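S.K.: The structure's right below; bear with me while I get my questions together.
None of the figures in this text is laboratory data; all of them are computed from the coordinates on show. Treat the numbers as computed from the prediction; the structure is a model and nothing was measured. Here Cβ is always computed from backbone atoms with ideal geometry, including for glycine, and neighbour counts include all displayed protein chains.
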Amino acid sequence: MTDNSLITELVTRHGNKRQSLIPILQGVVEKESFISQTRMRQIAKELDISPADVYGTASFYSFLNTDERGKYVIRICKTIVCEMNNKDKIMQAIKGLLKINVGETSPDKKFTLLETNCLGWCAEGPAMLINDKVYTKLTPESVREIVFEYLQSTDN
């Protein structure tokens, strides 16, 4: 969607004030998976704020993607608790299966692999989030099974 109708719809729903910025950005990510520069300029115009202000907000929050991402965004918690519970082995298992590194998207645009700050599941770490679904108490074996299910998914 490259026209302005999505932004118009989101502004109508959330309002045209500065405090509406985050819900509008979230709405763009929900519909398009990332916030393009074009969308940032459209939002800035609708909210009467600078494009730099929109970009600064969008790039600050890890869940507001300013780069195109895969269909499935895998976020691995990088807190000390997950680190102590073999987060590195989990990461190596995913990298080996998908053949991508942290910050990369698979050539088929199906997966993006990211590290992120606390997911809120420290008591059950290591933890991972795939889009909106949380996985905890991960092992290299369990994470391979989980990712393999997504690899086999037919809803491309």
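S.K.: So how much slack lies between Ile22 and Lys99, counting 0.36 nm per residue of separation and subtracting their Cα-Cα distance, in nm?
M.R.: Taking Ile22 through Lys99 to full extension adds about 24.4 nm, to one decimal.
S.K.: Given 0.36 nm per residue, what is the gain on full extension from Lys137 to Glu124 after removing their alpha carbon distance, in nm?
M.R.: 4.2 nm
S.K.: Beyond 22 Å between alpha-carbons counts as too far, so tell me which of Lys89/Lys137; Lys87/Lys137; Lys45/Lys133 fall in that bin.
M.R.: Lys45/Lys133
S.K.: With label points built 7 Å along Cα→Cβ from the Cα atoms of Glu115 and Lys31, find their separation and express it in nm.
M.R.: Once both label points are built, they end up 3.5 nm from each other.
S.K.: Filter the chymotrypsin sites (Phe, Trp or Tyr not before Pro) in region 1-79 down to the DSSP loop ones having no more than 16 other Cβ atoms within 10 Å, then list what survives. Write out the running numbers ahead of the final one.
M.R.: Details: sites: Phe34, Tyr55, Phe60, Tyr61, Phe63, Tyr72; in loops: Phe34, Tyr61, Phe63.
Passing sites in region 1-79 are Phe34, Tyr61, Phe63.
S.K.: If each of Glu83 and Asp108 carries a label point 7 Å out from its Cα toward its Cβ, how far apart are those two points in nm?
M.R.: Taking the simple label geometry, Glu83 and Asp108 are separated by 3.4 nm.
S.K.: Region 5-60: D in µm²/s via Stokes-Einstein (Kirkwood Rh, Cα pairs, 4 °C, 1.567 mPa s)?
M.R.: D, rounded to a whole number, is 121 µm²/s.
S.K.: Let me ask something additional. Taking only the alpha carbons of region 72-152, what extent do you get along each of the three principal axes, in Å, biggest first?
M.R.: 34, 22, 20
S.K.: Compute the signed sum of charges (Lys and Arg +1, Asp and Glu -1) over the other residues within less than 10 Å, Cβ to Cβ, of Leu47.
M.R.: Around Leu47, the surrounding residues sum to 0.
S.K.: Between Lys45 and Glu9, what is 0.36 nm times their sequence separation minus the Cα-Cα distance? Round to one decimal in nm.
M.R.: My answer for the length gained is 11.5 nm.
S.K.: Among (i) 49, 33, 23; (ii) 45, 29, 28; (iii) 72, 48, 23, only one was calculated for this model; which label is it, if the read-out is Cα extents along the principal axes in Å?
M.R.: (i)
S.K.: Now, a different point. Over the chain, what is the relative contact order in percent, taking alpha-carbon pairs closer than 8 angstrom and at least six residues apart? Walk me through the intermediate numbers first.
M.R.: Details: 213 pairs, mean separation 28.9, N = 156.
In percent, rounded to a whole number, it is 19.
S.K.: Now for a different question. Pairing rule first: another cysteine's C-beta must sit under 4.7 Å. Under that rule, which cysteines of the chain stay single?
M.R.: That list is Cys118, Cys122.
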